[in-house]
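Participant: Pasting a structure here, questions to come.
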Ligand SMILES: NC(=O)c1ccc[n+]([C@@H]2O[C@H](COP(=O)([O-])OP(=O)(O)OC[C@H]3O[C@@H](n4cnc5c(N)ncnc54)[C@H](O)[C@@H]3O)[C@@H](O)[C@H]2O)c1
């Protein structure tokens, strides 16, 4: 078998939908054995079915990334089922509708976003790193966002803050584990056409405000992010750690966007 992840075991959190699901299918197509995790069982099982239908190998385990015991169990699933863990893709994240400005965001929303988007990445790493070291090293890919790099007038204060935390956490993990054969990089997607964004952009005015800032004039596709994640996960990125890979259609490069 050929492929950029042949012989690798990859665990992807929140892989029942959007970019995580696209990555599960792509990684399996590149030869990885994939552990799919999510909190929505039907979606996780559907992702596994899609991988298997294409001739790949995947297993689903329910795991809420904000729960330490679930994170331990998902890593255990990888090592029990496939005997190792080489790629940890901390992708799960939420974007609640009532996450808004500093003044109006409820404290409970702030806490939930931090628990899943930020603590969830830490718990994934805390559970996964010992297994990765035991497997001879590997690659951690943490999903941040372009909003970790530039501010938006359409505020989403908890989400933005959580993603900024993912960037600094990723750098520190990269430095701490570099000599043990573990690379850690962050992905910063721009707006990507996934269920997470669909609700937000169903409002035509909000959609137009978003589009005007994207030099490419379109949303990204989940598959385009999955290919960037594949690069970071694979040995193609073997001298890359502590970096932030921006995949945003040019948003963060633009001062003025062409008409
Ligand atoms: N879509 C975008 O425009 C965009 C842009 C930048 C960053 N991101 C980030 O990319 C990642 C994936 O987003 P997406 O657009 O594919 O979203 P999505 O909603 O399509 O998929 C996210 C998945 O995570 C799962 N999930 C939610 N809470 C969970 C938890 N506590 N534990 C485990 N799984 C959980 C959901 O059930 C869902 O299947 C997120 O971290 C998101 O913040 C998305």
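The values are calculated or read from the model by the stated rules, or taken from the named source; none is laboratory data. Bear in mind the structure is a predicted one, so any value in this text is a computation, not a measurement. Cβ coordinates were reconstructed from backbone atoms using ideal geometry, including for glycine residues, and neighbour counts include every protein chain displayed.
Participant: Against the conditions (1) out of contact with any helix residue (DSSP H, G or I) (no Cβ under 8 Å at 6 or more places or on another chain); (2) without any contact (Cβ under 8 Å) to a residue 40 or more places away in the chain, where does residue 147 fall short? Just the number, please.
Facilitator: It fails just one condition, (1).
Participant: So residue 31 fits all but one of (1) modelled with pLDDT of 95 or more; (2) within 25 Å of residue 147 (Cα to Cα); what number is the exception?
Facilitator: Going through the list (1) modelled with pLDDT of 95 or more; (2) within 25 Å of residue 147 (Cα to Cα), residue 31 breaks only (2).
Participant: Find all pairs meeting these conditions: Cβ atoms under 6 angstrom apart; at least six residues apart or on different chains; first residue within region 201-224 and over 15 Å from residue 152 (Cα atoms); second residue more than 12 Å from the ligand (Cβ to nearest atom) and assigned to a loop (DSSP other than H, G, I, E, B).
Facilitator: As it stands, the answer is 215/250; 215/254; 215/257; 216/250, since those pairs meet every condition given.
Participant: Could you list all residues from region 121-134 that are more than 23 Å from residue 188 (Cβ to Cβ) and crowded, with 21+ Cβ neighbours inside 10 Å?
Facilitator: Listed by number, the list holds a single entry, 127.
Participant: Still on this model: Residues being near the ligand (Cβ under 10 Å from one of its atoms), surrounded by 15 or more Cβ atoms within 10 Å (Cβ to Cβ) and part of a helix (DSSP H, G or I): count how many of those fall in region 166-197.
Facilitator: Of the residues in that region, 3 qualify.
Participant: Quick one: which of 102, 113 is in contact with a helix residue (DSSP H, G or I) (Cβ under 8 Å, 6 or more places away or on another chain), in a loop (DSSP other than H, G, I, E, B) and closer than 13 Å to residue 157 by Cβ?
Facilitator: Selected residue: 102, the only one of 102, 113 that is in contact with a helix residue (DSSP H, G or I) (Cβ under 8 Å, 6 or more places away or on another chain), in a loop (DSSP other than H, G, I, E, B) and closer than 13 Å to residue 157 by Cβ.
Participant: Counting residues that are surrounded by fewer than 24 Cβ atoms within 10 Å (Cβ to Cβ) and either within 15 Å of the ligand (Cβ to nearest atom) or free of Cβ contacts under 8 Å to residues at least 40 places away in the same chain (or both), which strands (runs of 3 or more DSSP E) fully inside region 1-65 reach at least 2?
Facilitator: 57-62
Participant: Suppose we keep only residues that are within 30 Å of residue 151 (Cβ to Cβ) and surrounded by fewer than 22 Cβ atoms within 10 Å (Cβ to Cβ) within region 68-101. Which one would you say is farthest from the ligand (Cβ to nearest atom)?
Facilitator: The qualifying residue farthest from the ligand (Cβ to nearest atom) is 101.
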